[in-house]
1. Residues of segment 301-319 being farther than 27 Å from Glu119 by Cβ and either of a type in the set (Gly, Ala, Ser) or touching a strand residue (DSSP E or B) at 6+ places or on another chain (Cβ under 8 Å) (or both), which ones?
2. From Thr344, Thr355, grab the single residue that is surrounded by fewer than 16 Cβ atoms within 10 Å (Cβ to Cβ), hydroxyl-bearing (Ser, Thr, Tyr) and in contact (Cβ under 8 Å) with a residue 12 or more places away in the chain.
3. With the requirement that a residue be of a type in the set (Gly, Ala, Ser) and farther than 18 Å from Met254 by Cβ, what does segment 320-338 give you?
4. Do we find that Asp364 is within 29 Å of Arg209 (Cα to Cα) and either within 16 Å of the ligand (Cβ to nearest atom) or at pLDDT below 95 (or both) in this structure?
5. Would you point out which residue out of Val296, Val324 is touching a Leu at 6+ places or on another chain (Cβ under 8 Å), of a type in the set (A, V, I, L, M) and at pLDDT below 95?
6. Just checking, does segment 267-276 include any residue being away from the ligand (no atom under 14 Å from the Cβ) and of a type in the set (Val, Ile, Thr)?
7. Those residues that are within 15 Å of the ligand (Cβ to nearest atom) and more than 17 Å from Glu244 (Cβ to Cβ), I need them from segment 143-154; list them, please.
Amino acid sequence: MDVASFETRLHELRKRTLAAVAAAASLEELDAVDSGVLGRKGELRDLLGGIGALSAEDRPRVGALANPVREAIEAALAERRTILEGEALEARLLAEGEDVTLPGRPLWRGSRHPLPETEREIVRIFGQFGFVVVESPEVESDELNFQALNIPADHPARDLWDTIYVRPPGDGMASAAHDEEAAAHDVGSAADGGPRLLLRTHTSPGQIRAMRDSQPPIRILTPGRCYRYEAVDASHGFEFFQVEGLMVDEGTSMADLRGLLDAFAHAMFGAARRTRFRPGYYPFTEPSVAFDIGCVVCEGSGCPACKRTGWMTILGAGMVHPIVLRNGGIDPERYQGFAFGMGTDRIAMLRYAITDIRAFLANDMRFLERL
Ligand code: DAH
C-alpha cells in the first residue's frame, strides 16, 4: 500500500465515521461508533497498523494525514455526545414531570408563637436563680385548686375565680379512682361519688403538688394553661396562661421576693424599669402584694394603658400562708416561702404591644411569621 491509498482510505473512514456519529440516536450507539473506530481494536488503529510496510520517510507522512482525521472524529464525537446527553436529560426530566425552568419555592421560615416565646423567657430568667420547671395537670381537683390553698368550699374568696367544673366520666373505674382520691384527701365528694374536678383556674395548685412531692429547699415554676368561666373581652380570655413560682426554705423573706421580682422585671422590661409592691389580697399568701412596673407605654407619665397611674400590675405574690405550707406537708415553724403568679398573656401583650388577648389564640398567621 502506498501513501495515496492510505489517504483514500483515511478519507473514506473519516466520511463514514462522521456520518455514523451524526446518525447515532443514543449514547449507546455513539459509544459503539467511538470504540469501533478509535478503540484499541478500532478501524483507525487497524488501518494505521499497516504503515509498517511503508518506507521510513512515508510513515510520518501517513501519520500527518491521520492526525487531523482522528481529531475531526474526536471533535464530532464530543459534540454529538453533548447533544445526546442533553436530550437524555430532557427526556428524563419530562418523564419525571419536572419543569426545571420554574423558580424554586421559597423556604418558609416561621417563628415561635409569642406565648411560648414569652413563657420560655420567663423560665429562662428565673432559671438563673435556680428555679426549675415542674408540670401540673390542667384538670385539677377542687381540693388542690382551692381548699389546700386556703379557699374553703363556701368561702367568698371563691368568687375571685369563675370556675369551669368537670363531670368525670361515669364508668366504674373512674369512679373508684375518684372515691379513693376523695378518701385519701378527705374532701367532700360530688353526688356521683368522686371529688369535684375542675379546669384549674390558676397554676397555684402546682404549689401544693410541688410541696407534697419534695422537701425544702424548693424553687419551682409551674407554667401552663388555665381556664375560667369568664366574660371574654380584650383583656380576659376563658383560656389563658400563667407561670407560678414557689420558693420554700429556711429564712425566706419578703426581701428575697422583692429582690427576685425586681431582677425579673429588669431582665424582662429593661434595667431602668421602676417597680413597686402594693398591698394585695390572696387567700394563699400573707401578706399579699401586687407587683407593679412603670408603665411600658408612657414610661410613667400617665396614659390610658395605665389608667393614668403610671403603673401596671404584672403579677400577684406574697409569703406563703402557714396553712398552705402545712397543707403541703411543710412545717411553717421551720420554713417560710414566697409565691408569685403571673399571666403569661399579659407579659406577652406588654412585650409585643398586643392590645387584645383574644389575638393569641385566633390562629393569626402573623404571629408565626415574625422573624
Ligand atoms: N393565683 C393567683 C391568680 O390567679 C395569682 C397569684 C397570686 C399566685 C399570688 C401566687 C400568689 O402564687 O402568691 O389570680
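1. The answer is Ser301, Gly302, Gly310.
2. Thr355
3. Hits for segment 320-338 are Gly328, Gly329.
4. Judged against the criteria, Asp364 is not a match.
5. Checking each option against the conditions leaves just Val296.
6. For segment 267-276, residues away from the ligand (no atom under 14 Å from the Cβ) and of a type in the set (Val, Ile, Thr): present.
7. Listed by number, the list holds a single entry, Gln147.
Residue-wise test of (1) within 30 Å of Ala91 (Cα to Cα); (2) in contact with a Cys (Cβ under 8 Å, 6 or more places away or on another chain); (3) in contact (Cβ under 8 Å) with a residue 60 or more places away in the chain.
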position: Val3; (1), (2), (3): no, no, yes
position: Leu18; (1), (2), (3): yes, no, no
position: Ala24; (1), (2), (3): yes, no, yes
position: Glu28; (1), (2), (3): yes, no, no
position: Ser35; (1), (2), (3): yes, no, no
position: Leu38; (1), (2), (3): yes, no, no
position: Ala64; (1), (2), (3): no, no, no
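The values are calculated or read from the model by the stated rules, or taken from the named source; none is laboratory data. These numbers were taken from a predicted model, which means no experiment stands behind them. Note that each Cβ is placed from the backbone with ideal geometry, even for glycine, and that neighbours are counted across all protein chains shown.
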